[in-house]
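Have a look at the structure below, then the notes.
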Amino acid sequence: MTAAIIDGHHHAQTLLDAVAVELVQLPRAPGLAVVLVGDDPASHIYVRGKVAMASRLGLRGEAEILPDSVTEAELLAVIATLNARDDIDGILVQLPLPAHITTLRIMAAIDPAKDVDGLHALNAGRLLHGADSLVPCTPLGCLKLIKSVVPDLTGRHAVVIGSSNIVGKPMAALLLDERATVTQTHVHTRDIQFICRGADILVSAVGKPGLVRGDWIKPRAIVIDVGTTRVARPDGGYDTRGDVAFEEAVQVAGAITPVPRGVGPMTIACLMENTVKAAKARLRRAL
Ligand code: GUN
């Protein structure tokens, strides 16, 4: 039997519909600012998608595009301005940043109340404590997809491949909070295939196309593929490839996300949800 395909586009639309209902109850449209440094084509596409979705939904989305040569001080000044603006509820700095900029210093400068990417240490710490926080959009979206298949994760063995601040670490924290037994693996993990084969839930966030083969997967496991590597085609275009060898995995898994139309749409929908959440909290505080 082949795996059920988890349609991220469908789940994202359902979430966006729910966000739209919340939006109309607010006294003003929430504002989202997306900051992009440099000219990486993939980052430009992602940022355009985020701002366009904000506008389509009825938020006020704006992009701050800065040159690769921008200094850390100049970027910090842009963030300070966005922090001070009352009409901006959410700030996202698209990653990766150029090497001359220290990402953690930039994340630390974002007002935690506007940190819709959940990357400020305060929000990351609150997530680890199991307290309410703004949670990074990709792992939040992954968790929603997993729970659409298995609502109760108590005692399930979840394996996360990757330990980045943006996906791997918060993903593990979210799964732990759902009472799963979590194993975090990374580039130095030994016998990774063996560990993955024990997973009821397998999340891969590495960026290495085809890394996860069919024989890494436990029969009927839930497989969530966060990989989005752009691979050049001979005709000059690009294909987006996941970490999972899909054609093999689909023969073994119980449910699996495709790439594209899997995790990607959920990331954007969760960004919209986080922006409305941040706006509601800020509006409550202003009362
Ligand atoms: N680059 C790729 N994905 C993301 C994301 O979810 N947030 C940010 N800030 N940068 C990214």
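Against the conditions (1) crowded, with 17+ Cβ neighbours inside 10 Å; (2) part of a loop (DSSP other than H, G, I, E, B); (3) not charged (D, E, K, R), LEU26 satisfies every one except (1). Among the candidates ILE65, ILE91, ILE6, the residue that is more than 24 Å from ARG261 (Cα to Cα), of a type in the set (Val, Ile, Thr) and in contact with a helix residue (DSSP H, G or I) (Cβ under 6 Å, 6 or more places away or on another chain) is uniquely ILE91.
Scanning the stretch 145-156 for residues that are closer than 17 Å to ALA255 by Cα and either surrounded by fewer than 18 Cβ atoms within 10 Å (Cβ to Cβ) or among the hydroxyl-bearing types (Ser, Thr, Tyr) (or both) gives LYS147, SER148, VAL149, VAL150, PRO151, ASP152. Residue count for the stretch 26-53 under the criterion of being within 14 Å of the ligand (Cβ to nearest atom), aliphatic (A, V, I, L, M) and touching a residue at least 40 places away in the same chain (Cβ under 8 Å): the result is 9.
Do you know which residues across the stretch 230-287 are assigned to a helix (DSSP H, G or I), within 26 Å of PRO41 (Cβ to Cβ) and within 16 Å of the ligand (Cβ to nearest atom)?
Filtering the stretch 230-287 for residues assigned to a helix (DSSP H, G or I) gives 246-249, 263-286.
Pick out the ones that are also within 26 Å of PRO41 (Cβ to Cβ) and you get 246, 263-272, 274-275.
Residues satisfying the conditions are VAL263, GLY264, PRO265, MET266, THR267, ILE268, ALA269, CYS270, LEU271, MET272, ASN274, THR275.
Could we say that ALA77 is away from the ligand (no atom under 16 Å from the Cβ) and not β-branched (Val, Ile, Thr) here? It would help to see each step written out before you state the result.
Working: away from the ligand (no atom under 16 Å from the Cβ): yes; not β-branched (Val, Ile, Thr): yes.
Spelling it out, ALA77 is indeed away from the ligand (no atom under 16 Å from the Cβ) and not β-branched (Val, Ile, Thr).
Among the conditions (1) without any contact (Cβ under 8 Å) to a residue 40 or more places away in the chain; (2) away from the ligand (no atom under 16 Å from the Cβ), ALA63 misses just one, which is (2). Residue pairs whose Cβ atoms lie under 7 Å apart, separated by 6 or more positions or on different chains, with the first residue in the stretch 187-202 and of a type in the set (Lys, Arg) and the second modelled with pLDDT of 95 or more and outside any loop (DSSP other than H, G, I, E, B), are ARG197/TRP216.
Residues in the stretch 81-136 that are within 15 Å of the ligand (Cβ to nearest atom), part of a helix (DSSP H, G or I) and of a type in the set (D, E, K, R): ARG105, LYS114. From the list ILE217, ILE201, ILE224, the lone residue that is within 26 Å of CYS270 (Cβ to Cβ), modelled with pLDDT of 95 or more and within 16 Å of the ligand (Cβ to nearest atom) is ILE224. Evaluate the stretch 176-185: report whether one residue or more is in contact (Cβ under 8 Å) with a residue 12 or more places away in the chain, touching an Asp or Glu at 6+ places or on another chain (Cβ under 8 Å) and part of a strand (DSSP E or B). For the stretch 176-185, residues in contact (Cβ under 8 Å) with a residue 12 or more places away in the chain, touching an Asp or Glu at 6+ places or on another chain (Cβ under 8 Å) and part of a strand (DSSP E or B): absent.
Say whether the condition of being touching a Ser or Thr at 6+ places or on another chain (Cβ under 9 Å) and under 25 Å from CYS196 (Cα atoms) is met by at least one residue in the stretch 231-238. Quick ask: steps written out before the conclusion?
Here is the first cut: in the stretch 231-238, the ones touching a Ser or Thr at 6+ places or on another chain (Cβ under 9 Å) are 231.
Narrowing further to those that are under 25 Å from CYS196 (Cα atoms): none.
Checking the stretch 231-238: not a single residue is touching a Ser or Thr at 6+ places or on another chain (Cβ under 9 Å) and under 25 Å from CYS196 (Cα atoms).
Which of the residues belonging to the stretch 157-167 are surrounded by fewer than 23 Cβ atoms within 10 Å (Cβ to Cβ) and either more than 15 Å from the chain's Cα centre (by Cα) or of a type outside the set (Ser, Thr, Tyr) (or both)?
Residues of the stretch 157-167 surrounded by fewer than 23 Cβ atoms within 10 Å (Cβ to Cβ): 157, 163-166.
Matches in the stretch 157-167: HIS157, ASN165, ILE166.
Does the stretch 185-193 contain any residue that is modelled with pLDDT of 95 or more and either under 17 Å from the mean Cα position of the chain (by Cα) or crowded, with 23+ Cβ neighbours inside 10 Å (or both)? No, the stretch 185-193 contains no residue that is modelled with pLDDT of 95 or more and either under 17 Å from the mean Cα position of the chain (by Cα) or crowded, with 23+ Cβ neighbours inside 10 Å (or both).
The values are calculated or read from the model by the stated rules, or taken from the named source; none is laboratory data. Just so you know, these numbers come straight off a predicted model, no measurement behind them. FYI the Cβ positions are ideal-geometry reconstructions off the backbone, even for glycines, and counts take in every protein chain you see.
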